[in-house]
Structure formats: structure tokens, C-alpha cells
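Everything below concerns the one structure shown next.
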Number of protein chains: 2
Amino acid sequence: MKRLTPTERTTLKRLPKRGVYDLAGIYPILDEGFICHVGFAIDGRPYVIPTGYARAGDLLFIHGSAASRMLRALSGGIEVCVSVTLVDGIVLARSAFHSSMNYRSVVIFGVASLIEDPGRKLEALTALSEHIIPGRWDEVRKPTESEMQATTVLAVPLHEASAKVRTGPPIDDEEDYELEVWAGELPLSLVTRPPIVDESGRQGIPPPSYVLNYKR
Amino acid sequence: MKRLTPTERTTLKRLPKRGVYDLAGIYPILDEGFICHVGFAIDGRPYVIPTGYARAGDLLFIHGSAASRMLRALSGGIEVCVSVTLVDGIVLARSAFHSSMNYRSVVIFGVASLIEDPGRKLEALTALSEHIIPGRWDEVRKPTESEMQATTVLAVPLHEASAKVRTGPPIDDEEDYELEVWAGELPLSLVTRPPIVDESGRQGIPPPSYVLNYKR
């Protein structure tokens, strides 16, 4: 897969060796996560909104949960900065200064555009559903025309992006390695708990395997 | 605890009943999370950076991992929008349209200021460490003067903020409840994996209880 050209905005200033510009490094992070934080500015003032997303090729689809404010801001094509962050663990160094976290994060800069064509919109909604919970789309009742109209989907091109990754043990100052302090990593991960059936509506339907075996 | 006055920016436009303005609702979300997304604008262009944080009273301390860009932007006192998001589960409705997530999120608007006084800075660093991994501060080597200088801590007042919370089962359209589709919640949670000792440096130190019993 190709490597993106670092720009002024995507070039890591601090700890440049943590920067990743290869799509082969960026895409798997986007494909593992499912919540992004979308930043945009209105009259120079910043807003950040968490929302679900999915990647399809070199597009990131975002799904407006705070649709109205984003939408108003979007008319005219607004610049966004989208951030996806996976936290993999806490890094316990022997010094406070070198204590850190292990993470994989992606930042994307671009102009978000509204997907208006009904066919493309349905494809994007399918991608969002299948990204967040693969297998679900085939079973749910599909959107009606008025539901489609009430739904906002934006696309951001994955042309100006970079990833930042930290893995592994702490890196301490040479003289600190002999301190009597436990050091290492405390890995963190997102797991599912047993599904909770909705007690309203039709009962006796077994939970589907894509729910029981859900894994990111 | 007091209730914040909703402002133009913190008033929920969509689904207003999900909005929480009481500090008693906002603070526990901030205290459970430890990664925030900080949004700011430079020349009207948005940036979003993930970083660690801690709350102390009505201040949010943020710790600059992308220190340089944030710092440059900050000289002069820049507006930020800080977002903290806890994802509690996937909500499987019978229709695609009503499918959702359970989450607790907080958004804070304010002007970030640099903490420069060494005493206050050390307090803030202690708060950050103790928020992210309680018990650790007492054991690590404390920051030297030059490490302190290389560290950036910002404070954002918790005066203009709101939380947004969704809990519980899906809310479907009346006529969909009889569909032959499993519906409910798939809870998600962040867990720790067994700690990984750093194989460099002094060995034979048992992992401390605050690592073994870590829980958010």
C-alpha cells in the first residue's frame, strides 16, 4: 500500500520516529476502532464531537450524532480534523517523566462532504453498520426514505493523514534502571460483556453469533 | 453539587433529554476516563489531539503529548474544546435507524492556560499521575528541574461544560417490536491484562498491588 506524503500538519514535531505515514500502518488502526473525534471550527472557535465511523477504501464515513451543529457548519464544505485513538496500555517507567502510554492513533485532515446521493448514502450506512457490528445489516429493518433523509453521513478523504504509535516497555534514563521500582506495561483492552436482551418486544430469539462472538 | 448554566455551545440541539449539566453527572465521567481529545483552531483550521488528563476540583489538567504544536498555539491563551468519551456498549435495535451506542461523554469549552508556577505544576503532575494510575506517584523517581521544564501542563476551567449520556435498551418504532430480530445491548468495557514486566533493569521486584488490582 502507498505511503502518504507528510504535510506541515501531519508531520510529527515531537518524537518523529513515532510517526507512520504508510497506509498499511494507518488503515488497520482505523479498521480496529469505531469511535472518532471530529474537530471543526466555527468562527475560529473549536468544536470536538465523538461519533461512529467506518473506512471504505480511501474514504472515512462519519455519522452525525450531533448532526445539526456539524451540518450547519458543513454547508459550504468545512475543514475537519478527525482523530481515532486506541489505548493499548499504561507504561510504568521508573521515573514520572518517562511514564507513558502505549497507543495507536490516527489523525486525518480534510474537507468533509455530505453524502447526498441515496445510493451512495445507503452504501455508506451499510459500511458504518458493518464496521461497527459485522453481520448486523442483513438482519435489521433497512432505513425508510424518511429515515434516510433524517440521517447525515459525511465523507472525509484519507489523503492527509498520519498515525502515531507507541509500543513496548518504558524507556528510562540509564541511571534509573537500578532503582527498586517495578517497571513495565499494564495492557488495557476493550472486551464485551454478555449481551443483554431487550425485554420489550418479541422474546425467545437467540442472540446471533455475531453478537456472541463480537471482537474488535 | 452545582448545575452549570447551559450556553449556546453546550446546549444539546439534538436529543436534548440526553444532556446533563449537573456537576454531579459530569465529574464522575471525567474521573472514570483518562484520555481526552483536545480541539483547537489555528488560523481557523481545526486540530484534535488525544492526551491524558486529570480533574482537580473545577480544573481539568491536560498534559501535552503534542506539546509543541499545542504550546505554540497557546501563547496568548487559546480556546479549546475538550471531549471525553466512554463507550459503554453497542445498542442493537430492530431497525438500522434506531441502532445506537450507549456512552457517557463530556464536552468542555474554555481557554487553556499554561501552568508555569513550579509548585502548581508539580501538584498538577501529581494529580495527572494519580488519576491515571493511583498509587504510582509515591514510588517513581520525581521530576528533576529540567524534566519539569520539558513538561507542559495546561489547565482548563470546568465552567462551560455538559455531558451527554445514553443508557439502556434500544428504542424501536412501535411496529418493529414484533420483528423476528434479536435486539438488546452488547456491553463493552475496558479491562486490564496481566502486567508485563520490563526485562531491562533490576529484576525480582513484585508488581505492586495498584498494578495488579487496577480498575477504572
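Listing for the model above:
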read-out	value
Table column - 3J(HN,Hα) (Hz), the stretch A:190-206, Karplus curve with 6.51, -1.76, 1.60, x for Gly and Pro	8, 10, 8, 9, x, x, 10, 6, 6, 7, 8, x, 4, 9, x, 8, x
Cα lying deepest toward the dipole's positive end in chain A, options A:PRO50, A:LEU74, A:ILE62, charges on Cβ	A:LEU74
Cβ-based net charge around A:GLY44, under 14 Å, with every Lys or Arg adding one and every Asp or Glu removing one	-1
Estimated 222 nm signal from helices in chain B, with DSSP H stretches of n ≥ 4 weighted -39500 (n - 2.57), rounded to 500	-5500 deg cm²/dmol
Pseudo-label separations to other copies for A:PRO134 - Cα-to-Cβ vector, 7 Å, nm	3.8
Rounded to whole Hz, the Karplus (6.51, -1.76, 1.60) HN-Hα couplings of the stretch B:4-15, x for glycine and proline	6, 7, x, 10, 3, 7, 9, 6, 6, 7, 9, 6
For chain B, built as a Gaussian network whose Cα springs stay under 10 Å, the top-fluctuating residue of B:VAL38, B:VAL87, B:VAL153	B:VAL87
The stretch B:165-214 versus the stretch A:91-165: alpha-carbon centroid distance in Å	21
Residue exposure sequence - B:MET1, A:MET101, B:MET148, A:MET70 - by fewest surrounding Cβ within 10 Å	B:MET1, B:MET148, A:MET101, A:MET70
Check: chain A dipole with +1 on Lys, Arg Cβ and -1 on Asp, Glu Cβ, in debye	500
Ranked B:HIS37, B:HIS98, criterion: other C-beta atoms within 10 Å, fewest first	B:HIS98, B:HIS37
Selected from A:ILE196, A:ILE171, A:ILE78 as most flexible by GNM, with chain A as the system and alpha-carbon contacts under 10 Å	A:ILE196
Fluctuation leader among B:ARG136, B:ARG193, B:ARG104 - chain B, Gaussian network, Cα springs under 10 angstrom	B:ARG193
Fewest-first sequence of B:VAL106, B:VAL211, B:VAL165, B:VAL191 by Cβ atoms within 10 Å of each Cβ	B:VAL191, B:VAL165, B:VAL211, B:VAL106
Of A:THR85, A:SER100, A:VAL140, farthest towards positive along the dipole that unit charges on Lys, Arg, Asp, Glu beta carbons give the stretch A:1-151	A:SER100
The stretch A:16-212 shape via C-alpha gyration tensor axes, a/c threshold 1.5	oblate
Separation in nanometres of the label points that stand 7 Å from Cα toward Cβ, at B:LYS142 and B:ASP22	3.9
For A:ASP43, label point 7 Å along C-beta direction: distances to other copies, nm	2.3
Spin-label zone in the stretch B:153-171 - amide nitrogen under 19 Å from a point set 7 Å from the Cα of A:SER200 along the C-beta vector	B:165-171
Distant-in-sequence amide H partners of B:ASP198 (H built 1.01 Å from N, under 5 Å)	A:ALA183, A:GLY184, A:GLU185
Inter-copy label distances at A:THR167 (7 Å, Cα→Cβ; nm, one decimal)	3.8
Sites B:THR167 and A:GLU174 - FRET efficiency at Förster radius 45 Å, r taken between beta-carbons, to 0.05	0.35
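Each reported figure results from applying straightforward, stated rules to the coordinates on display, with no laboratory input. What you are looking at is a predicted structure, and each value in this text was computed from that prediction instead of being measured. Cβ sites come from the backbone with ideal geometry, for glycine too, and all protein chains shown count toward neighbours.
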